[in-house]
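After the structure tokens below, expect a handful of questions from me.
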Amino acid sequence: MQLVNCPESFTPDMRCIMGESPTVQGYFVLAGMNSAGTSFGGGAGKYLAEWMVNGCPSENVWPLDLKRFGALQSSRTFLRHRVMEVMPLIYDLKVPRWDFQTGRQLRTSPLYDRLDAQGARWMEKHGFERPKYFVPPGKDLLALDQSKTFYKPDWFDIVGSEVKCCKEAVCVIDMSSFTKFEISSTGDQALEFLQYLFSNDLDVPVGHIVHTGMLNEEGGYENDCSIARLNKRSFFMISPTDQQVHCWAWLKKHMPNDSNLLLEDVTWKYTALNLIGPRAVDVLSELSYVPMTPEHFPSLFCKEMSVGYANGIRVMSMTHTGEPGFMLYIPIEYALHVYNELMNVGQKYGIRNAGYYALRSLRIEKFFAFWGQDLDTFTTPLECGREFRVKLDKGTDFIGRDALMQQKQDGVCKRFTMFILEDHDTDLDLWPWWGEPIYRNGHYVGKTTSSAYSYTLERHVCLGFVQNFDEETREVLLVTPDFINRGEYEIDIAGQRFQAKAKLYPFSSLFTQRRRKDEMELSGYHGK
């Protein structure tokens, strides 16, 4: 035995850093092995070598990508405090949805103190504080903060009441952490640039919003975002929170050197409020002179308007969950005023605050995939039912088009699928969180990528990819809708298998009647 005494490097999230620098092209990094360099060295070295030679690794390594961090995690004080927390945690059991305690309150919305005073419990994403849920008056805050379990969590009923309010009345969710870019030009360069980078057609009338993917040469998702056309030469792009560095680097990498393009990160300029629920239209109607009805304000539309005394609010008719409502992008100096107005006017409509746990439940039961959880650089739109977000015939070439054309001709080898657990007891059984094995007719076919309890269906819903392996050769075969529909499925949770019903399409977004489990009619609909 040999004792080696030497310095060791640790990272803010206990995962090593690897990949190409976002600021110096051709400069690659592999460091921060968190005292596991000997065991990780072979695999990490292989993937980095592939990255350097081929331009990308052969597996999804986003959890290790250097671009998951930004300059905000480079503070010496932040690193000193976080690493002191990280070291004892390396060999500790991590329960689902736990959060670091150090390096917090680094990036906050202007509404942070107001929401905190109303019982917000916080999670952190890319240094940004985001509300998980809101503890009602009279609840034991300490007990909820110490809720660490693989079973039914203490916040179950709280999140359930927030989901109910989102479906029956109206809620406000602070979503300021989303990455926001503006791309503009003096001529048509902005449109031409974005048409080349994105799979959907962005040559739409001013005010329209387009959901689209930013793909790589293999057709995989480098980013999944929404883009609003502000005017003929200006676009507003909304991306996941942890895409801030990665997306910026991708845009800059493909931007022509001699162009008149202007790319600006405006994440910090806007507070984003999700006004979600059937009464959202009533609340906004009282605060603006602009008609908010579907005839005057159709779905996936953006208008700059006044809300209360504040002007210049970008209001978008979308919610990221499939529920009715609006996204409000508010200049930060108006954030507190607009929030107060929404809450005051909304009182008679039953308005309340909600958090990201309610958002997660809503989006998963609606079969909405999120980048970084369900989608990655190896997932194509054809594999996750997003053909409608790809315009192969939009009249211009785009990155990944050839790969998608070939895949459309050949067929897909994995499909994004929704699973509803049939015999799972929410109160007594271990919960699915993510990464659980999926079995079809007794054979392993994939794993879950995200899951949540659906308060509408009163069952757990898991999302994941199903593959088709030849049982003898283990060769990967095509996965057709018929292959998905004809199988008998089980989800393995900590060694115990639970029956699951597989669906390729979301359940009806109407949910007009809340039925009991034994009365629930599991019928799908072929919508977007």
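The values are calculated or read from the model by the stated rules, or taken from the named source; none is laboratory data. Bear in mind that the values here come from a model prediction, so they are computed numbers and not experimental data. A quick note on method: Cβ atoms are made from the backbone with ideal geometry, for glycine too, and the neighbour counts reach across all protein chains shown. What goes into the accessible areas is simple: the full protein's heavy atoms, side chains included, and nothing from ligands, DNA or RNA. Shrake-Rupley method; radii C 1.70, N 1.55, O 1.52, S 1.80 Å.
Looking at Phe398, is it assigned to a loop (DSSP other than H, G, I, E, B) and in contact with a Pro (Cβ under 8 Å, 6 or more places away or on another chain)?
It is false that Phe398 is assigned to a loop (DSSP other than H, G, I, E, B) and in contact with a Pro (Cβ under 8 Å, 6 or more places away or on another chain).
Just for the stretch 25-60: of the residues that are open to solvent by 50 Å² or more (accessible area, probe 1.4 Å) and modelled with pLDDT under 90, which one is farthest from the chain's Cα centre (by Cα)?
Of everything passing the filter in the stretch 25-60, Thr38 is farthest from the chain's Cα centre (by Cα).
Let me ask you something else. Can you name every residue in the stretch 297-311 that is over 29 Å from the mean Cα position of the chain (by Cα) and among the aromatic types (Phe, Trp, Tyr)?
Within the stretch 297-311, Tyr309 is the sole residue that qualifies.
Now a separate question. I'd like to know if the stretch 95-110 contains one or more residues that are acidic (Asp, Glu), under 30 Å from Asn34 (Cα atoms) and assigned to a loop (DSSP other than H, G, I, E, B).
So far as the stretch 95-110 goes, yes, one or more of its residues are acidic (Asp, Glu), under 30 Å from Asn34 (Cα atoms) and assigned to a loop (DSSP other than H, G, I, E, B).
When the stretch 311-322 is examined, which residues are found to be in contact with a strand residue (DSSP E or B) (Cβ under 7 Å, 6 or more places away or on another chain) and part of a strand (DSSP E or B)?
Those that are in contact with a strand residue (DSSP E or B) (Cβ under 7 Å, 6 or more places away or on another chain) and part of a strand (DSSP E or B): Gly312, Ile313, Arg314, Val315, Met316.
Can you tell me how many residues within the stretch 159-188 are open to solvent by 10 Å² or more (accessible area, probe 1.4 Å) and over 23 Å from Val245 (Cα atoms)?
10
Can you find a residue in the stretch 235-257 that is in a loop (DSSP other than H, G, I, E, B), more than 27 Å from Asp402 (Cβ to Cβ) and not assigned by the TED database to the domain that holds Thr321?
For the stretch 235-257, residues in a loop (DSSP other than H, G, I, E, B), more than 27 Å from Asp402 (Cβ to Cβ) and not assigned by the TED database to the domain that holds Thr321: absent.
Can I ask one more? For the stretch 414-429, give me each residue that is surrounded by fewer than 17 Cβ atoms within 10 Å (Cβ to Cβ) and either aliphatic (A, V, I, L, M) or farther than 29 Å from Leu359 by Cβ (or both).
Leu428 - this is the single residue of the stretch 414-429 that is surrounded by fewer than 17 Cβ atoms within 10 Å (Cβ to Cβ) and either aliphatic (A, V, I, L, M) or farther than 29 Å from Leu359 by Cβ (or both).
Something else about it: Kindly establish whether Arg82 is open to solvent by less than 30 Å² (accessible area, probe 1.4 Å) and of a type outside the set (S, T, N, Q).
Working: open to solvent by less than 30 Å² (accessible area, probe 1.4 Å): yes; of a type outside the set (S, T, N, Q): yes.
Criteria met by Arg82.
Regarding the stretch 475-494, can at least one residue be identified that is assigned to a strand (DSSP E or B), more than 27 Å from Tyr357 (Cβ to Cβ), at pLDDT below 95 and open to solvent by 10 Å² or more (accessible area, probe 1.4 Å)? Break it down into steps so the answer makes sense when it comes.
We begin by selecting, within the stretch 475-494, every residue assigned to a strand (DSSP E or B); these are 476-477, 489-493.
Filter again for more than 27 Å from Tyr357 (Cβ to Cβ), leaving 476-477.
Within this subset, residues satisfying the condition of being at pLDDT below 95 are 476-477.
If we keep only those that are open to solvent by 10 Å² or more (accessible area, probe 1.4 Å) as well, we get 476-477.
The answer is yes, given that some residue of the stretch 475-494 is assigned to a strand (DSSP E or B), more than 27 Å from Tyr357 (Cβ to Cβ), at pLDDT below 95 and open to solvent by 10 Å² or more (accessible area, probe 1.4 Å).
Still on this model: Checking the structure you have, find out if any residue of the stretch 363-384 is small (Gly, Ala, Ser), farther than 25 Å from Val163 by Cα and either touching a His at 6+ places or on another chain (Cβ under 8 Å) or surrounded by fewer than 22 Cβ atoms within 10 Å (Cβ to Cβ) (or both). Show your work before the answer.
Let us first name the residues in the stretch 363-384 that are small (Gly, Ala, Ser), namely 369, 372.
Adding the requirement that they be farther than 25 Å from Val163 by Cα leaves none.
No, the stretch 363-384 has no match at all.
Now for a different question. Among the residues of the stretch 3-22, write down those that are more than 22 Å from the chain's Cα centre (by Cα), open to solvent by 40 Å² or more (accessible area, probe 1.4 Å) and modelled with pLDDT of 90 or more.
Phe10
Still on this structure: Taking the stretch 323-377, which residues are assigned to a loop (DSSP other than H, G, I, E, B), hydrophobic (A, V, I, L, M, F, W, C) and at pLDDT 95 or above?
Here is the first cut: in the stretch 323-377, the residues assigned to a loop (DSSP other than H, G, I, E, B) are 323-324, 350-351, 354-355, 366-370, 372-374, 376-377.
From what's left, hydrophobic (A, V, I, L, M, F, W, C): 351, 354, 367-370.
Answer for the stretch 323-377, where residues must be assigned to a loop (DSSP other than H, G, I, E, B), hydrophobic (A, V, I, L, M, F, W, C) and at pLDDT 95 or above: Ile351, Ala354.
Kindly establish whether Val307 is at pLDDT below 95, over 17 Å from Met214 (Cβ atoms) and of a type in the set (A, V, I, L, M).
Considered against the rule, which asks whether it is at pLDDT below 95, over 17 Å from Met214 (Cβ atoms) and of a type in the set (A, V, I, L, M), Val307 comes out as no.
Moving to a separate point now. Under the condition of being of a type outside the set (Lys, Arg), open to solvent by 30 Å² or more (accessible area, probe 1.4 Å) and over 23 Å from the mean Cα position of the chain (by Cα), which residue from the stretch 430-448 is farthest from Phe378 (Cα to Cα)?
In this case the residue turns out to be Leu430.
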